[in-house]
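Derivation of every value follows stated rules applied to the coordinates shown; laboratory data play no part. Owing to the predicted nature of the structure, the values given are computational and were not obtained by experimental measurement. Cβ sites come from the backbone with ideal geometry, for glycine too, and all protein chains shown count toward neighbours.
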Amino acid sequence: MLLKEGKIGNIKLKNRIIMLPTVTNLSNEGFVSEREVEYYKRRSKGVSLVIVGASYVNKLGKFFVNQIGIDDDDKIQGLRKLSEVIHQNGAQAAI
């Protein structure tokens, strides 16, 4: 059953293995770091969905220094790179 295709809404999943969000503490002042990209590159192999760890949408909601920010357009480039590396391994990306 775990290796069978699945769906969440209209998102097709290659299997039913999902990486749940974890606190990596690898971002750099809210920006996705190369270490973080490598972390998710390794962990997105074999799973169908990666839910990226703790992130904030407003600086007032930031809980720790190395948390991913999705609060401003200046973070888009790193987030795009992160999603691309996850997609390269055949997994969907969520945050």
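Towards the positive end of the charge dipole of the stretch 6-94, with charges on Cβ (+1 Lys, Arg; -1 Asp, Glu), say which of Ala94, Ile18, Gly78 has the farthest Cα.
My answer, from the dipole projection, is Ile18.
Report the chymotrypsin sites (Phe, Trp or Tyr not before Pro) located in the stretch 28-95 that are in a DSSP loop and have at most 11 other Cβ atoms inside 10 Å of their Cβ, or state none.
Within the stretch 28-95, the qualifying chymotrypsin sites (Phe, Trp or Tyr not before Pro) (loop, at most 11 other Cβ atoms within 10 Å) are Phe63, Phe64.
Kindly express, to the nearest 10 degrees and within the range 0 to 90, the angle between helix 76-88's C-alpha long axis and the longest C-alpha principal axis of the chain.
With rounding to tens, the tilt is 20 degrees.
Dipole magnitude of the stretch 6-94 about its Cα centre, charges +1 at Lys/Arg Cβ and -1 at Asp/Glu Cβ only, in debye to the nearest 20?
600
Where both residues lie in the stretch 1-71, what percent of DSSP beta bridges are antiparallel, nearest 5?
So the antiparallel bridges in the stretch 1-71 amount to around 50 percent.
Output the Kirkwood hydrodynamic radius of the stretch 1-91, Cα pairs only, in Å rounded to one decimal.
After inverting the pairwise mean of 1/r, the radius is 13.7 Å.
Excluding Lys7 itself, calculate the net charge of residues whose Cβ lies under 15 Å from the Cβ of Lys7, where each Lys or Arg counts +1 and each Asp or Glu counts -1.
Once positives and negatives cancel, what remains is +3.
Could you work out how far helix 34-43 tilts from the main Cα principal axis of the chain, as a 0 to 90 degree angle to the nearest 10?
20
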